[in-house]
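A.B. asks: Following this message is one structure expressed as structure tokens.
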Amino acid sequence: MCGICGVFNANPQHIVETMVHKLSHRGPDGDGLKSLPLGTLGHTRLAIVDVNGGHQPMKADDFWIAFNGEIYNHQNLRQQFLSDMQFDTQSDTETILRLFARFGERAVAMLDGMFAFALHTPGKFLLARDPLGIKPLYWSQEGERIYFASEIKALAEFTSNIREFPAGHYYHSELGLHQYYFLGQGIVPIPSCEIDAQPMIVNILREAVHKRLMADVPLGVSLSGGLDSTIVAALAREGLNELHTFAVGMEGSEDIAASLVAAEALNTIHHTLVYTDQDMLDALPDVIYHLESFDPALVRSAIPNYFLAKMTSDYVKVFLTGEGADELYAGYDYLSRYADAPALDTELRAITSALHNTNLQRADRLSMAWSLEARVPFLDTQSISLAFSLPTEWKLQNNGRTPKALLRQAFSGLIPDEIAWRPKQKFSHGAGSRDVILEHANDKIGDGEFARERERVAREWNYTLPNKEALFYYKMMREHFSDDQIMPGMGHSRSL
């Protein structure tokens, strides 16, 4: 995990130096900058794979790259397609370079992982982002000049026309923007009986978790005691001699209590952190600065993420989370309103496609605020293909009263029953934070101010502030970013 930035079709080295500085939290283990004929690449490094040999920007032959992410199949790619090549490092970064030297832009679709990168070749350049947008990338075009960076804050000083680079796409300087991934592509043959499908779910998730244990540094698992995180922890525990797990919450939090049950059952080295009302309110400005959003549901869930990452970073550099399970297996309460399977399937695809600027944005930004890498095994492309090949009616049973029914059934016996059948808690609810924030926001924002700002934002940006809480966060965001830097690409959570 790292931060990348740069400019193509120009060579303003001083601008890229400033951008690198703005991304220093993403890569405390080193930084680099390279001026090239078509532009300048910048990079900040969080060393995880090939700690001593993976410095960036990296060069192989005439190819240069600034890369953020992890390529889980990079060793397989070396063996299958690049066995005749001489490698200088053990890093997945070099694998990408060598793969592009052989296959050109076709190499993007061969990568299994989470990534965003900028590639410079003689006379050409390329930007690319992973299928779901797990790793962030933003860009801006002013005339011929193209700016790009992992976070908006690195671009904000130099351009206002900032847009999110689309997930599952690459941009080639000669060929333009190309979509290489479509949600759920690759139909998986499914048994006619859901009982027979359950081992398939377990095996694909097991493989997804185990490949994400690739690291040359310590790693752990976020363990809230809910279904999704406990599944990830249980599967990770199979591949490790010992496993550190982490949970946070306020005094009396249901998440902490449930996490202790799960940690004891899985025999993990468990760490908990209790934060106070004041801790939470004090952290809000920093949370919103890193999150780069004022969406109320996203901010509320980001606060526990912030404290979780802060604690976790004291012990490990990498942690796995349960993000994505609710979208793939119908885990949200509101989904029970969908009366028929086609409508539910459409909604599940919509919320999965929107993860790049909602929950995945939260997971990336709040972990990287503490120089920590988050990995999301449920959003492995094979896991996604399986989930969208399954009959939708298997996921939500008993008239919607049993969300994620198929996932619960598949892992019953592998995790404690009290966890497998525990009702879902929103992260902000289970961690105990929601009421305190709402009360504080209502105290700080008057009725008149809310009415004026609500009308202005709706008029200028076609967005209706839903409540005073949203305006409270919006004002904090405006301390760092202008409306035109945030509003066009900001994601909006469903009413979950």
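A.B. asks: For region 33-45, what are the residues that are on the phi < 0 side of the Ramachandran plot, part of a strand (DSSP E or B), surrounded by 17 or more Cβ atoms within 10 Å (Cβ to Cβ) and at pLDDT 90 or above?
C.D. replies: At the first step, the residues of region 33-45 found to be on the phi < 0 side of the Ramachandran plot are 33-38, 40-45.
Pick out the ones that are also part of a strand (DSSP E or B) and you get 33-36, 40-45.
Subsequent filtering for residues that are surrounded by 17 or more Cβ atoms within 10 Å (Cβ to Cβ) retains 33-34, 36, 40-45.
Selection gives LEU33, LYS34, LEU36, THR40, LEU41, GLY42, HIS43, THR44.
A.B. asks: Would it be correct to say that GLU323 is touching a Phe, Trp or Tyr at 6+ places or on another chain (Cβ under 7 Å), charged (D, E, K, R), assigned to a helix (DSSP H, G or I) and closer than 22 Å to TYR181 by Cα? Please lay out each step first, then the result.
C.D. replies: Working: touching a Phe, Trp or Tyr at 6+ places or on another chain (Cβ under 7 Å): yes; charged (D, E, K, R): yes; assigned to a helix (DSSP H, G or I): no; closer than 22 Å to TYR181 by Cα: yes.
Here the answer is no, as GLU323 does not meet what is asked.
A.B. asks: In addition: Looking at (1) crowded, with 21+ Cβ neighbours inside 10 Å; (2) in a loop (DSSP other than H, G, I, E, B); (3) among the aromatic types (Phe, Trp, Tyr), can you tell me which one PHE87 breaks?
C.D. replies: (1)
A.B. asks: Shifting gears a bit: Which numbered condition in (1) in a helix (DSSP H, G or I); (2) at pLDDT 95 or above is the only one that PRO342 fails?
C.D. replies: So the condition that PRO342 fails would be (2).
A.B. asks: Taking the condition of being basic (Lys, Arg) and part of a helix (DSSP H, G or I), how many residues in region 103-146 meet it? Spell out the reasoning first.
C.D. replies: Filtering region 103-146 down to residues basic (Lys, Arg) leaves 106, 124, 129, 135, 145.
Then keep just the ones that are part of a helix (DSSP H, G or I); that gives 106.
Total meeting the criteria: 1.
A.B. asks: Can you tell which of ILE71, ILE48, ILE15 is surrounded by 17 or more Cβ atoms within 10 Å (Cβ to Cβ) and out of contact with any Asp or Glu (no Cβ under 8 Å at 6 or more places or on another chain)? Step through it out loud before you land on a result.
C.D. replies: Numbers: ILE71 fails: out of contact with any Asp or Glu (no Cβ under 8 Å at 6 or more places or on another chain); ILE48 fails: out of contact with any Asp or Glu (no Cβ under 8 Å at 6 or more places or on another chain).
Criteria check complete, one pass: ILE15.
A.B. asks: Sticking with this one: Within region 78-93, does at least one residue satisfy the condition of being under 25 Å from the mean Cα position of the chain (by Cα), closer than 30 Å to LEU355 by Cα, modelled with pLDDT under 95 and charged (D, E, K, R)?
C.D. replies: The answer is yes; a qualifying residue exists.
A.B. asks: Also: Take region 388-410 and flag every residue that is farther than 18 Å from SER336 by Cα and either more than 24 Å from the chain's Cα centre (by Cα) or surrounded by 23 or more Cβ atoms within 10 Å (Cβ to Cβ) (or both).
C.D. replies: Result: GLN409, ALA410.
Per-residue answers, yes or no, for (1) touching a Gly at 6+ places or on another chain (Cβ under 6 Å); (2) farther than 20 Å from LEU240 by Cβ; (3) of a type in the set (Ser, Thr, Tyr); (4) surrounded by fewer than 24 Cβ atoms within 10 Å (Cβ to Cβ):
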{"position": "LEU266", "(1), (2), (3), (4)": "no, no, no, yes"}
{"position": "THR276", "(1), (2), (3), (4)": "no, yes, yes, yes"}
{"position": "LEU284", "(1), (2), (3), (4)": "no, yes, no, yes"}
{"position": "SER293", "(1), (2), (3), (4)": "no, yes, yes, no"}
{"position": "VAL299", "(1), (2), (3), (4)": "no, yes, no, no"}
{"position": "LEU308", "(1), (2), (3), (4)": "no, no, no, no"}
{"position": "SER313", "(1), (2), (3), (4)": "no, no, yes, yes"}
{"position": "ASP333", "(1), (2), (3), (4)": "no, yes, no, yes"}
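A.B. asks: Name every residue in region 1-32 that is modelled with pLDDT under 95, within 30 Å of MET214 (Cα to Cα) and in a loop (DSSP other than H, G, I, E, B), in order of residue number.
C.D. replies: Passing the criteria: MET1, GLY27, ASP29, GLY30.
A.B. asks: Then there is this: Quick check: anything in region 173-181 at pLDDT 95 or above, aliphatic (A, V, I, L, M), crowded, with 21+ Cβ neighbours inside 10 Å and under 23 Å from THR358 (Cβ atoms)?
C.D. replies: No: zero hits.
The values are calculated or read from the model by the stated rules, or taken from the named source; none is laboratory data. What you see is a predicted model, and the numbers here were worked out from it, not measured in a lab. Positions of Cβ are generated from backbone atoms using ideal geometry, with glycine treated the same way; all protein chains shown enter the neighbour counts.
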